Amino acid sequence: MNNRIDKTGIKIGMWLFLYSEIILFGGLFVLYAVYFYKYPEFFSEGGKELNRVIGAANTIVLLVSSFTVAASITAIQRKAKKQAIAFLVFSILCGIIFLVNKYFEWGAKIHHDIYPNSETLVSGEPGLNIFFGLYYVITGLHGLHVIVGMTLLSISLILVMAGKVTESSYSMLENSGLYWHLVDLIWIFVFPLFYLVL
Amino acid sequence: MDSQENNHILSYTKLAIILGILLILTGITVAVSYRDLGFFNVPMALAIACTKVTFVLLFFMHLKYEGPIINLSFIGTISFLFIMIGFTFWDVAFR
């Protein structure tokens, strides 16, 4: 067969892209580390302002959705199309729950006059300003990744329903899954660093 | 059909066990955060986060079952990340 699809190659391509994402967020974590070293007391003060319950809930939501995405791949490999569809729909729902939580969280912060360039932050301590600046940049960029991940999962869902993703070719689903797991990986670091610093 | 060689199928049970471990670790990291460990606050949180990430990478992302190209390039990326974070921090801490 001349038009054999190189599945390993497709996967390596996806991983290469994920490496660039790891370095992108890694750079932001370097910024976090340096400013944490400079303003430790303000970082813990800022961290106490964040809602741990929402943070923990979002962690659980993302972990569960990562599990269901992995399970949907298992389902496709076992030719269980209906189960795969159910797992994917559930994962996308988890993404929506995550974003709704984020909306309420950001909304509450903005309501308390805590947002980039707000009066409270600009005239307040520089350490707090930097903490919340990093908070908005990192969780905002992460939120964008959640939206992109949900889009990729939705496309995979449509392809599964249309019968284009099957047990013999499921690279699209696999790569969307890898992206979704990356979103989860980043959150695993964001959660303790922002919500749990003492 | 010959490109299916590393098609390892993870059972639902195994995936669920991994999810259970991840949820327990999340509980531990939240519980630990209520205790002031002094200097060890951040290292402890990062150690738990790294353990969680390892489970996600190995099983959810199938890294355990991939060939050497993906495994080695991943290790290369992480090494670069450590150099980036480590050297920056080294510079900042001893300035």
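The values are calculated or read from the model by the stated rules, or taken from the named source; none is laboratory data. Predicted model only: the values in this text are computed from it and were never measured. Here the Cβ positions follow ideal geometry from the backbone for every residue, glycine too, while neighbour counts run over all protein chains shown. SASA here: full protein model, heavy atoms, side chains in, ligands and nucleic acids out. Shrake-Rupley method; radii C 1.70, N 1.55, O 1.52, S 1.80 Å.
Some notes on this structure:
- Filter pass, B:Leu63 being facing chain A (nearest Cβ under 8 Å), free of Cβ contacts under 8 Å to residues at least 24 places away in the same chain and either within 30 Å of A:Gly9 (Cβ to Cβ) or under 19 Å from the mean Cα position of the chain (by Cα) (or both): no
- The listed residue being in contact with a strand residue (DSSP E or B) (Cβ under 9 Å, 6 or more places away or on another chain) and either in a helix (DSSP H, G or I) or not acidic (Asp, Glu) (or both), out of A:Ile92, A:Ile96, A:Ile85, A:Ile76: A:Ile76
- Any helices (runs of 4 or more DSSP H) falling wholly within the stretch A:109-198 and containing at least 3 residues that are free of Cβ contacts under 8 Å to residues at least 24 places away in the same chain: A:119-123, A:126-161
- Condition check for B:Phe89: part of a helix (DSSP H, G or I) and farther than 30 Å from A:Lys48 by Cβ: no
Here's the yes/no breakdown for (1) free of Cβ contacts under 8 Å to residues at least 40 places away in the same chain; (2) under 20 Å from A:Phe36 (Cα atoms); (3) under 13 Å from the mean Cα position of the chain (by Cα); (4) open to solvent by 50 Å² or more (accessible area, probe 1.4 Å):
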| site | (1), (2), (3), (4) |
| --- | --- |
| B:Leu25 | yes, no, yes, no |
| B:Leu37 | yes, yes, no, yes |
| B:Asn41 | yes, yes, no, no |
| B:Gly67 | no, no, no, no |
| B:Ile78 | yes, no, yes, no |
| B:Ile83 | yes, yes, no, yes |
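- In the set (1) modelled with pLDDT of 90 or more; (2) touching a helix residue (DSSP H, G or I) at 6+ places or on another chain (Cβ under 7 Å), B:Cys50 fails one condition alone, (2).
- Condition check for A:Ser91: modelled with pLDDT of 90 or more and under 16 Å from the mean Cα position of the chain (by Cα): yes
- Flag for A:Val183 being surrounded by fewer than 22 Cβ atoms within 10 Å (Cβ to Cβ), within 25 Å of A:Phe29 (Cβ to Cβ), touching a Gly at 6+ places or on another chain (Cβ under 8 Å) and within 14 Å of chain B (Cβ to nearest Cβ): no
- Residue list for the stretch A:57-67, restricted to those being open to solvent by less than 20 Å² (accessible area, probe 1.4 Å) and at the interface with chain B (Cβ under 9 Å from one of its Cβ atoms): A:Thr59, A:Leu63, A:Ser66
- Scanning the stretch A:14-43 for residues that are more than 17 Å from B:Ser79 (Cβ to Cβ) and at the interface with chain B (Cβ under 7 Å from one of its Cβ atoms), we see that the one that is most open to solvent (accessible area, probe 1.4 Å) is A:Tyr37.
- Here A:Val64 does not fit the description of being within 29 Å of A:Gly107 (Cβ to Cβ), over 15 Å from the mean Cα position of the chain (by Cα), of a type in the set (A, V, I, L, M, F, W, C) and in a helix (DSSP H, G or I).
- The residues on offer are A:Asp113, A:Asp6, and the sole one that is of a type in the set (Asp, Glu), open to solvent by 20 Å² or more (accessible area, probe 1.4 Å) and within 11 Å of chain B (Cβ to nearest Cβ) is A:Asp6.
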